[in-house]
Amino acid sequence: MMTLKEMLLERQVNQSERLGCLMAMIDEDVAKKILDFNKKLIHDDDLYHEFDENGKDEYGREDECHVTVRYGFVEDLNELEVRQLLKGQKEFLIEVNGVDTFNTNPKYDVVKFNVSSPLLKRLNDLSGIYPNKSNFPDYHPHLTLAYVKKGKFPHKKNISIKIPVKSICYSPIRGSKSYFNLTESVSGIDSRIEKLEQEWERLDSTGTGGIKQKEIGQEIENLKNQKKIVQPNSFVDVNRAKELFAQMRHSLNEIKLTKDDAQEILHKLGVLDDTPDLQSDYGITQEQSHLLLNTIPYNGGEWNIPDWAIPAVKGEITDHVLVLRDIAQDARNGGEVGQALAINRQANRLESLINTV
């Protein structure tokens, strides 16, 4: 697999070094069309190949269609930091304005689309507040198509197309990639909440209907908490965000969450975020509570918990585990044995996760 540093072609590659990378991702349907164009444009015989110690080709044709926003983060960004950069950002268009090459490497040339986008430039500027290094002071966005043998693609082509960017990916120094959807909006979440509320009202509150109502109620709460993350908030000031994140960096506890884990935790800490008295009981401020809520990777992934939040996280999740077990018992009493077992498994998993912190 191609290393991140090699994806950014203006710099020299040091195979022993790994750095974080923020990328604007091209939708799968558009990426397929670009790959088809790529295959017509560049012959297989002209591709440059080089294999790593595991036999994987690190070059050839680019199979992950993206434009690098910034490469070179020397410390991994956490979920909150990436969300802060993207706060209020909706899907946008980038403009491809020609096919060109990088030809400074002695072993291969790189065929790429030239790209222009004021929003990419803005995200590149904003992301510079986090520790990073680059040999190139100027940002030149591009979309890599393929690595080719020296001199095998001497052409330049005029082309002008607009491509939508609907998600951003952070590829870390360690761990798996995280994807951030730019198409999620407050109005879209409100619409989903409204439909769920209508479904809740149609159900009978007794027996299995009551169990389903509890599930829908929790999903509604999850969406309301997700809405807090999507919409702009008091942390949009990047200097204040930088200050807060710097305080967190030296006291983080990491645990791995599934999507189900994340949704359960988002629900419970969303209640904490709405309850000033509860925040006071744990000795945290409203600002810290909202900061904590924004650290949760709501689609699953690594969760970085600051030291000051541990009592609140442990207390609230322990309480939530008890609630889940009550729901499981209700399900069992209602004859829904399979559902009861599934809820109990989730309660046990959350309990084991929180005991590792």
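The numbers here are math on the coordinates, done by the rules we state, and not lab data. Everything quoted here is computed from the prediction, not taken from an experiment. Please note: Cβ atoms are built from the backbone with ideal geometry, for glycine as well, and neighbour counts cover all protein chains shown.
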For this session: Output the peptides 148-158, 328-338 sorted from most to least packed, where packing is the average of other Cβ atoms within 10 Å over each peptide's residues.
Result: 328-338, 148-158
Exercise. Which residues' amide hydrogens lie under 5 Å from the amide hydrogen of residue 146, considering only partners 5 or more residues apart or on another chain, with H built in the peptide plane?
Worked result: 62, 111
For this session: Quote the relative contact order of the chain in percent (integer), defining contacts as alpha-carbon pairs under 8 Å separated by 6+ residues.
Result: 17 percent
Problem set entry | Rounded tilt (10° steps) of 118-127 against the dominant C-alpha axis of the chain | 70 degrees
Problem set entry | region 305-357: relative contact order in percent, alpha carbon pairs under 8 Å with at least 6 residues between | 41 percent
Exercise. Around residue 77, which amide H atoms from residues at least 5 apart in sequence, or from another chain, sit under 5 Å from its own amide H, with H modelled in the peptide plane?
Worked result: none
For this session: For the pairs 112/177; 90/314; 121/259; 214/314; 195/256, note any where the Cα-Cα span goes beyond 28 Å.
Result: 90/314; 121/259; 195/256
Exercise. How many times 2.2 N^0.38 Å is the alpha carbon radius of gyration of the chain?
Worked result: 1.15
For this session: Would you mind ranking 130, 59, 179 so that the residue whose beta carbon has the fewest other beta carbons within 10 Å leads the list?
Result: 179, 59, 130
Seminar exercise, completed: The alpha-carbon pair-distance distribution computed for region 4-181, with 5 angstrom bins and whole-percent values, is 1, 8, 17, 21, 21, 17, 10, 4, 1
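Counting each DSSP H run of 4 or more residues in the chain as -39500 (n - 2.57), what helix-only mean residue ellipticity at 222 nm follows after dividing by all residues, to the nearest 500 deg cm²/dmol?
That calculation yields -14500 deg cm²/dmol at 222 nm.
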Exercise. Using alpha carbons only, how many degrees (0 to 90, rounded to 10) separate the axis of helix 28-41 from the longest principal axis of the chain?
Worked result: 10 degrees
Exercise. What angle, in degrees between 0 and 90 and rounded to the nearest 10, separates the Cα long axis of helix 186-202 from the longest principal axis of the Cα atoms of the chain?
Worked result: 40 degrees
Exercise. Going by how many other Cβ atoms sit within 10 Å of their own, how do 40, 112 line up, fewest first?
Worked result: 40, 112
Exercise. Could you put 292, 120, 35 in order, starting from the residue whose Cβ has the fewest other Cβ atoms within 10 Å?
Worked result: 35, 120, 292
